[in-house]
1. Report the residue count in segment 88-126 for those that are within 16 Å of ligand 1 (Cβ to nearest atom) and under 23 Å from ASP18 (Cα atoms).
2. Checking the condition closer than 19 Å to LEU151 by Cβ and either surrounded by fewer than 24 Cβ atoms within 10 Å (Cβ to Cβ) or away from ligand 1 (no atom under 11 Å from the Cβ) (or both), which residue from ALA261, ALA215 passes?
3. How about segment 218-228: which of its residues are part of a loop (DSSP other than H, G, I, E, B), away from ligand 3 (no atom under 15 Å from the Cβ) and either surrounded by fewer than 21 Cβ atoms within 10 Å (Cβ to Cβ) or β-branched (Val, Ile, Thr) (or both)?
4. Do we have any residue at all in segment 215-233 that's of a type in the set (Ser, Thr, Tyr) and more than 18 Å from VAL33 (Cβ to Cβ)?
5. Check whether at least one residue in segment 285-304 is more than 13 Å from ligand 1 (Cβ to nearest atom), within 30 Å of GLU350 (Cα to Cα) and surrounded by fewer than 18 Cβ atoms within 10 Å (Cβ to Cβ), and report yes or no.
6. Tell me, which residue of segment 136-157 that is over 19 Å from THR43 (Cα atoms), of a type in the set (D, E, K, R) and surrounded by fewer than 23 Cβ atoms within 10 Å (Cβ to Cβ) is farthest from ligand 2 (Cβ to nearest atom)?
7. Pick out the one residue from THR284, THR313, THR292 that is in contact (Cβ under 8 Å) with a residue 24 or more places away in the chain, more than 15 Å from the chain's Cα centre (by Cα) and within 16 Å of ligand 2 (Cβ to nearest atom).
8. Is it the case that some residue within segment 175-186 is within 16 Å of ligand 2 (Cβ to nearest atom) and in contact (Cβ under 8 Å) with a residue 24 or more places away in the chain?
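The values are calculated or read from the model by the stated rules, or taken from the named source; none is laboratory data. Note that the structure is a prediction, hence the values are computed from the model and not measured. Cβ placement follows ideal geometry from the backbone for every residue including glycine, while neighbour counts extend to all protein chains displayed.
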Amino acid sequence: MIVMKIGGTSMGDALRMDKALDIAASQIDKAPVMVCSAMGGITDQIITSFESAEAGNIEESNIIFETIKDRHYTCAREFLEGDFLKEVVIDLDGTFAQFASLLKGVGLLRDCSPRSRDALLSFGERLSTRVIHARAAQRGMDSELLDARKLVRTDENFTSARPDMEETFRLCRENAHPVSGRLLITQGFIASSPAGVTTTLGRGGSDYSASIMGAALDAGEIQIWTDVNGIMTSDPRMIPEAATIPEITYEEAGELAFFGAKVVHPATIQPAVAKGIPVLVKDTGSPEREGTRIAANAGSPGLKAISVKKGITVVNIASSRMLEAHGFLRRIFAIFDAAETPVDLVTTSEVSVSVTIEKTESLPGILKKLEALGEVSVENGLSIICMVGRDLWKNPSFPAKAFSALNDIPVRMISLGASEVNLSLVVPSEKSDAALKNLHSRFF
Ligand code: ADP
Ligand code: ASP
Ligand code: MG
């Protein structure tokens with residue numbers, strides 16, 4: 001069997017959904033499970049709708065709700081007719097009625113807990129899959145719609161729930177039976193807690209769903225269908241001349257995703273690696289093109305791609321007490337750990353430590369505790385430029401070439417070799433676009 005993940009960008013309207021179904025039809029003998037995102041932009045609109053309701057802007061919330069509704073009915077009417085259309089309209093009416101009453105609750109209470117957010121967020125994928133499933137049936141495809149909440153089990157960490165792999169594998173095998181000639185359709189991004197409450201895997205999480213389901217069902221291949229031809233040497237929206245990378249390792253792809261390449265969700269790779277399942281990233285707009293193949297030992301060493309992660313904060317801790325003392329780093333990291341704040345990059349000297357973080361909600365509390373250890377300072381408005389490729393450090397001319405491309409752009413932190421697949425540079429955000437452009441044109 002294979003898993004095909006259809007991204008929001010490829011679920012945008014009736015025409016695009018039909019393209020996705022063409023691709024599924026062309027591989028129907030491979031027993032595909034199609035994992036779909038919400039229609040492009042809908043998840044963002046759902047968020048605006050409940051945030052407006054929570055803020056008491058009921059009118060604004062209603063307008064967005066109507067926009068979301070319109071988009072789905074228009075899409076359904078564009079490619080469905082007869083009983084297929086009638087049944088979908090009945091289902092959409094029911095689902096939108098639920099959606100409306102939840103939004104009303106948020107507006108009345110002026111409160112939207114993470115648990116309520118997930119209930120509301122789930123409508124995007126539930127609606128899109130209902131529509132595309134009806135179209136598959138109308139086209140005469142043998143297809144079945146499965147509720148992903150009966151396939152993926154997570155903890156109760158609402159809005160970025162962590163899957164319970166063992167239970168998920170069991171549920172997938174019990175409830176999904178891929179067979180050649182039949183298309184199974186389900187939702188990405190959404191899952192359920194042990195008590196059956198709706199959860200989500202975090203923004204962009206449909207890729208992760210696809211990979212989890214692929215691992216559970218022993219897929220021969222996991223295909224990520226999106227709006228660009230695979231993973232490219234940089235984000236083509238920022239670097240138009242970026243080129244497709246034909247092959248990349250799991251480790252390199254994971255690093256790229258983590259440091260800003262939105263094309264695959266950072267967690268996507270793990271379940272696939274564990275089972276050695278190749279992941280393909282392909283363009284729904286031109287399915288005949290090869291795209292990118294992610295697998296163990298894929299491609300050659302050397303620089304593969306450059307990504308940027310904006311909105312980075314650096315925290316510096318300096319203390320002469322660090323000199324020849326032990327346990328200092330442990331104490332620093334314990335403070336970030338207790339505040340559930342991940343640290344991305346670290347550099348140290350004899351008397352100081354600098355770390356980068358992305359999540360800053362808990363920063364005031366962290367700083368208070370760090371102050372007991374030494375002098376603390378914070379720098380905002382930074383970006384990480386991540387140059388990814390294995391064995392970069394083995395090429396002696398690589399760092400010099402990278403730095404000469406940066407000209408007058410100040411580099412605040414450098415980290416090479418920690419993961420063996422990247423060189424990371426921290427630069428001021430206002431210079432990060434220029435840094436990316438210079439580096440890309442120097443190396444590619
Ligand atoms: P989907 O809706 O299919 O999940 P996303 O918008 O999440 O699509 O991801 C695809 C987008 O990722 C592309 O349109 C592209 O702008 C962006 N992107 C960022 N970095 C890269 C990269 N290195 N290679 C390809 N695309 C990238
Ligand atoms: N619809 C969700 C989002 O926009 C999940 C996904 O598309 O991967 O974040
Ligand atoms: Mg995505």
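1. Count: 2.
2. Details: ALA261 fails: closer than 19 Å to LEU151 by Cβ.
Result of the check over ALA261, ALA215: ALA215.
3. ASP218, GLY220
4. yes
5. no
6. Looking at the filtered set, the residue picked out is ASP142.
7. The conditions single out THR284.
8. The answer is yes; a qualifying residue exists.
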